[in-house]
Every structure is written in structure tokens, then in C-alpha cells.
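Below you'll find the structure, written out as C-alpha cells, and then a few comments.
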Amino acid sequence: QILHLPQNRGKGMALRTGFRQARKSGFEYALTIDSDGQHFPADIPVFLRALEEEEQEVLLIGARDMTQEGVPAKSSFGNRFSNFWFWFETGIRLADTQSGYRLYPLRSVPGHLWTTKFEMEIEVIVRTAWKAVAVKNVPVRVLYDPSERVTHFRPFQDFARISILNT
């Protein structure tokens, strides 16, 4: 099923729309993958195996190797920035809170979200952790190809919105 939004209102709104439709369709989890080509669909079984091994509800975030060659400096900084805020608010240390490769437990995704753009992903993981749902990383591969890299991440605006959200 393909959902088309007539106007770009941000990643958060697109995810909200997808989550709502997945719930209506009876799904318990939603797997997301960024469309910028950095993630490998072949890593989907990593999420499924981790989910099967859990005895509790869990939100899984793909952990990229941010030390590998070719990782853009703003991506590495942004990840550390977000990891700090996540730890500060939840006490949980994660290696990667910014990966768009995630498995969300739909039942625990807050019904009302304050954000609509890029920062919505951090809002969801913080508020899900506050509900005592496990939030964990699973290892995934990543490809940073500068000739194919398309990103809508805007460091100043997005860091400002994340900081406002977290404060």
C-alpha cells in the first residue's frame, strides 16, 4: 500500500500518517528506513531476530558505525548531540539515536505528538522510553556515498528544534 501526501509537511508528519495507517491495518510494529539510500534492506532480518529474542515490547534503532570512513562530520556530531539528550532525559545510553532505520512498537508510540519534522523521531523514542518500553540499538550497515547522498537535514534549524523539544 502506498500512501501519498499531497504536500511535504515534514518527516514527522509522514511517519505519523504511516503509523496511523499501520494501526488501522492491524499491525503491531512498523519498520522505517530512510529513503536516502544509506541503509541496506537486507538488514531487516537483524530487526526481526532482535524482536523475536525480546520478552518485552521494544523499540529498536539501527546502530550505524559512525567511525567508518566517509561518515559526514555533521552526521557524526548530530548523532552525539542527540545521544546526549536522549541519555539526559531517559538515563539510557545508546550508540545511535539518529538512525532512521527503526522498528517501532505501534501500541507504545504516543498518540499525540508535539513535533512534525525531523525531531519527531527523538520525541517518540524519549516518550516511549518514559513509558518503560525498552529502547535498544541493533547493528546495521550504512553506506555514505557523497555522489548519491540526499538529505533534508539542516544542522542549525534541526539542532535548534531538537534543543527546544528537549528543554
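Summary of computed values
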quantity	calculated
Computed E for residue 25/residue 4 - FRET, C-beta separation, R0 25 angstrom, nearest 0.05	0.95
GNM top mover of 45, 110, 139 - the chain, alpha-carbon springs below 10 Å	45
Point-to-point label distance, residue 80-residue 107, nm (Cα→Cβ direction, 7 Å offset)	3.9 nm
All Cα pairs of region 1-89, percent lying beyond 21 Å	50 percent
Sites residue 132 and residue 93 - FRET efficiency at Förster radius 22 Å, r taken between beta-carbons, to 0.05	0.85
Relative contact order, percent, the chain [alpha-carbon distance under 8 Å, six or more residues apart]	36 percent
Percent antiparallel among DSSP beta bridges (both partners in the chain, rounded to 5)	55 percent
Under 5 Å, built H, 5+ apart or other chain: amide partners of residue 29	106
Alpha carbon Rg of the chain, scaled by the compact-globule rule 2.2 N^0.38 Å	0.99
Structure-based [θ]222 nm, the chain - -39500 (n - 2.57) summed over DSSP H runs of at least 4, per residue, nearest 500	-12500 deg cm²/dmol
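Any read-out appearing in this document is the output of simple, stated calculations on the displayed coordinates, not a laboratory observation. The shown structure was predicted, so the numbers you read here are calculated from the model rather than taken from an experiment. Cβ coordinates were reconstructed from backbone atoms using ideal geometry, including for glycine residues, and neighbour counts include every protein chain displayed.
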